[in-house]
Amino acid sequence: MPKIVTETVEIETGYATGLSVQWADGQFVVIVSDNGLLACGAIDVEVMEEFDNVIAVAEGTPEQPLVVPEDLLNAEISRTTGKAEAMGIKPGMSGKEALEKMLKND
């Protein structure tokens, strides 16, 4: 049976909701703020770009998957949408830094 967990993610600039989903052969994790998503590589940046959404993506590996929201906060952002970049979110920053910028724009 799949495991689906939601939790409140609190950082200095505010709150968001973390969602972790795990099943027999995999998982994904995302943090949802009022302004956009901080997500693992399972979320398609091109689709989010097409719909003009804010998203910052960090990518895990089979050896070090991103499983829980805390993993996203500590991971390095690898891809973003243009709308995220307009908020100051850039590849290379931490997930926590990206979420801080999303929450400051509430």
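The values are calculated or read from the model by the stated rules, or taken from the named source; none is laboratory data. The shown structure was predicted, so the numbers you read here are calculated from the model rather than taken from an experiment. Cβ atoms come from the backbone with ideal geometry, glycine included; neighbour counts cover every protein chain shown. Heads up: the accessible areas ignore ligands, DNA and RNA and are worked out on the full protein's heavy atoms, side chains in. Shrake-Rupley method; radii C 1.70, N 1.55, O 1.52, S 1.80 Å.
Largest mean-square fluctuation among ALA39, ALA56, ALA16, in a Gaussian network model of the chain whose springs join Cα atoms under 10 Å apart, belongs to ALA16.
Rounded to a whole number, what % of the accessible area of the chain do carbon and sulfur atoms account for, probe 1.4 Å? Using a 1.4 Å probe with all protein chains present, the chain comes out at 49 percent carbon and sulfur. Exposed loop sites are taken as GluC sites (Glu not before Pro) in a DSSP loop (any state but H, G, I, E or B) with at most 10 other beta carbon atoms within 10 Å; the longest stretch of the chain without one runs 13-62. The calculated FRET efficiency for the pair LYS3 and VAL47, based on their C-beta separation and a Förster distance of 41 Å, comes to about 0.95. Solvent exposure of the chain amounts to 57 Å² per residue of accessible area, where only protein heavy atoms count and the probe is 1.4 Å.
Helix 95-104 and the long axis of the chain differ in direction by around 50°, with both axes built from C-alpha atoms. Just one of (1) 13.5; (2) 16.3; (3) 13.9 is Kirkwood radius over Cα pairs in Å as worked out from the coordinates here. Which one is it? Answer by label: (1). Partner lysines whose Cα lies under 23 Å from the Cα of LYS90, excluding those fewer than 8 positions away in the same chain, are identified as LYS101, LYS104.
Under the convention that each Lys and Arg Cβ holds +1 and each Asp and Glu Cβ holds -1, the size of the dipole of region 1-103 around its Cα centre is about 80 debye.
For region 1-83, the set of chymotrypsin sites (Phe, Trp or Tyr not before Pro) satisfying both a DSSP loop assignment and a count of at most 12 other C-beta atoms within 10 Å is given as PHE51. Couplings 3J(HN,Hα) for region 9-25, derived from phi with the Karplus relation 6.51 cos²θ - 1.76 cosθ + 1.60 (θ = phi - 60°), are 10, 10, 10, 4, 8, x, 10, 8, 10, x, 10, 10, 10, 10, 9, 3, 10 Hz, where x marks Gly and Pro.
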